[in-house]
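The values are calculated or read from the model by the stated rules, or taken from the named source; none is laboratory data. This structure is a prediction, so every number in the text was calculated from the model and none was measured. Every residue, glycine as well, gets a Cβ built from its backbone with ideal geometry; the counts of neighbours run over all protein chains shown. Each accessible area value is taken on the protein alone, full model and side chains, heavy atoms only, with ligands, DNA and RNA left out. Shrake-Rupley method; radii C 1.70, N 1.55, O 1.52, S 1.80 Å.
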Amino acid sequence: MHMVLLLADVPAQTLPARSMMAFTLASHIILVPLGVALPLITLIMHGYGLRRDDPTALLLARRWSAVMAVQFAIGVVTGTVLSFEFGLLWPGMMGRWGDVFGIGFGVEAWAFFLEAVLIAIYLYGWRRLPSRTHFLLGLPLPFAALLGAFGILAANAWMNTPRGFTLDSAGNPVDVKIWKAIFTPMFGPQYWHFVVAMFLTAGYVVAGVYAVGWLRGRRDRYHRLGFTIPFTLAAVLTPVQFVLGDSIARQVFHKQPVKFAAMEIVWKTDTHVPEYLFGRLHPDGSISGGIRIPQLDSILAGFHADTKVTGLTSVPASDRPTAAQATIAHWAFDIMVGIGSVLVLLALWYAAMWVLRRRMPASPWFFRCAAVAGLASVVAVECGWIATEVGRQPWIVYQNMRVAEAVTATRSTSLWIMFGLIIAVYVFVFGSFLVMLLKMRTRWRLADEAGGPRSPGDTPEKDTPETYTPYGPRSAGSRP
């Protein structure tokens with residue numbers, strides 16, 4: 001009966017608004033790893049090519065820069081939609097709290113424009129600038145990408161642990177302290193966990209493309225180098241991410257205990273709390289399914305079985321996620337941790353072969369796993385955001401404003417129509433993105449094969465209009 005009353009207090013606009021925001025954010029986040037990390041991966045390959053005078057590495061860097069530009073253009077569309085949705089769907093939040101945390105969006109906007117200029121310069125510089133000058137002009141690109149992530153994560157971390165203001169008698173924020181609003185308790189753990197996730201995800205995604213080529217018999221230096229550099233970066237960062245993930249979970253335990261209870265489906269505050277791998281929480285507090293590991297949740301939270309873990313019932317039902325929301329957050333968290341654990345094993349396999357035999361693993365199963373690792377990493381990123389956002393419910397600004405208070409007054413029917421239009425637009429946008437990538441791949445492969453069959457030791461570089469080396473004299477008929 002109480003649950004029915006809770007649902008009755010939720011405006012009809014909430015479901016379509018949340019559905020639209022979830023869809024656009026989940027779509028945009030697919031592009032974020034490449035947007036944040038591909039500039040660095042490209043510059044690592046670029047620097048390697050210049051240092052070793054390696055035309056294969058330079059060709060890979062040039063092609064990756066083209067993908068980077070296309071991805072950035074698509075990200076402009078999806079990111080702009082998200083920006084408008086904050087104001088259109090959640091006017092209550094932006095109207096009351098925009099002066100406090102809006103600086104994060106301002107930083108992201110400046111970073112966006114800076115990155116657009118730098119990408120244009122970097123693309124233009126191939127074969128038009130001296131090699132060293134071109135490389136140096138590209139170096140600010142990763143920092144611009146990290147600055148954009150800084151702005152967005154500062155805003156999201158503030159929503160999780162709001163600071164830097166006081167409330168007047170009407171409940172409106174005054175006496176805003178910008179630095180405290182930016183550097184909230186959750187900002188550091190959330191920022192580094194996110195950034196490292198972006199780098200290792202992009203590394204696995206890029207390496208996965210060449211792992212598929214390797215499995216199909218294309219075992220030349222081009223595919224070997226295209227696999228090794230991004231995969232090595234991802235493999236090095238994977239155990240680091242595991243440590244950072246443990247750190248942020250501990251911060252959630254201390255700073256957002258009710259969210260932690262949702263992520264771990266803990267119903268009552270207690271010590272010696274068991275850990276559930278998956279499982280479903282019911283409204284009466286019972287748990288069905290899953291694997292129960294006695295006392296492990298308390299041990300993981302405080303390194304001791306006597307650690308007290310706050311339960312969902314420590315706050316009124318109106319101030320905590322529902323049983324269904326807690327189950328969603330819990331499953332998302334477990335899937336993310338499970339994927340991370342498997343990726344650690346894959347990274348250890350890779351490291352062991354380099355240490356013991358000074359070469360990459362030769363097993364087809366390794367490359368099959370590597371080919372899947374990119375998709376698995378994207379799924380882990382999606383699950384991380386689901387756990388973060390769903391676990392915070394019903395708050396849009398933690399313990400200060402509920403989602404129902406922030407939502408637009410626009411009719412729910414209009415919101416559903418808008419949602420349908422956005423789905424149609426996104427299908428077209430992402431379809432165009434996929435078509436462009438496939439056409440680029442086909443064009444590059446045809447250009448590589450234009451010089452005839454190659455032995456495994458040969459490289460695909462031929463001085464043709466499509467595959468000329470990025471520096472040095474042009475051949476007749478080559479295009480800039």
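Points worth noting:
- 2 or more residues open to solvent by 20 Å² or more (accessible area, probe 1.4 Å) and more than 17 Å from Ser19 (Cβ to Cβ): qualifying helices (runs of 4 or more DSSP H) within the stretch 304-423: 323-357, 364-390
- Selection count, the stretch 207-223, where residues are under 24 Å from Ala197 (Cα atoms) and surrounded by fewer than 21 Cβ atoms within 10 Å (Cβ to Cβ): 2
- Criterion applied to Glu405, Glu389 was being under 23 Å from the mean Cα position of the chain (by Cα) and of a type outside the set (Lys, Arg), and the one residue passing it is Glu389.
- Any hit, the stretch 268-291, residues being crowded, with 22+ Cβ neighbours inside 10 Å, part of a helix (DSSP H, G or I) and touching a residue at least 24 places away in the same chain (Cβ under 8 Å): no
- The single residue among Phe113, Phe105 that is surrounded by 15 or more Cβ atoms within 10 Å (Cβ to Cβ), of a type in the set (A, V, I, L, M, F, W, C) and part of a helix (DSSP H, G or I) turns out to be Phe105.
- The residue pairs whose first member lies in the stretch 292-319 and is within 10 Å of Glu275 (Cβ to Cβ), whose second member is part of a loop (DSSP other than H, G, I, E, B) and open to solvent by 50 Å² or more (accessible area, probe 1.4 Å), and whose beta carbons are closer than 6 Å, counting only pairs six or more residues apart or on different chains, are Gln295/His272; Ser298/His272.
- Phe72 meets each of the listed conditions (1) out of contact with any Asp or Glu (no Cβ under 8 Å at 6 or more places or on another chain); (2) open to solvent by 30 Å² or more (accessible area, probe 1.4 Å); (3) at pLDDT 85 or above apart from (1).
- Hey, Gln190 touching a Leu at 6+ places or on another chain (Cβ under 6 Å) and open to solvent by 10 Å² or more (accessible area, probe 1.4 Å) or not: yes
For every residue, the table says whether it meets (1) within 29 Å of Ala347 (Cα to Cα); (2) of a type outside the set (A, V, I, L, M); (3) touching a helix residue (DSSP H, G or I) at 6+ places or on another chain (Cβ under 9 Å).
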| position | (1), (2), (3) |
| --- | --- |
| Asp246 | yes, yes, yes |
| Gln251 | yes, yes, yes |
| Ala262 | no, no, yes |
| Thr269 | no, yes, yes |
| Leu296 | yes, no, no |
| Pro316 | no, yes, no |
| Ala324 | no, no, no |
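- Among the residues making up the stretch 147-176, those that are within 26 Å of Lys259 (Cβ to Cβ), touching a helix residue (DSSP H, G or I) at 6+ places or on another chain (Cβ under 9 Å) and open to solvent by 20 Å² or more (accessible area, probe 1.4 Å) are Phe150, Ile152, Arg163, Phe165, Gly171, Asn172, Pro173, Val176.
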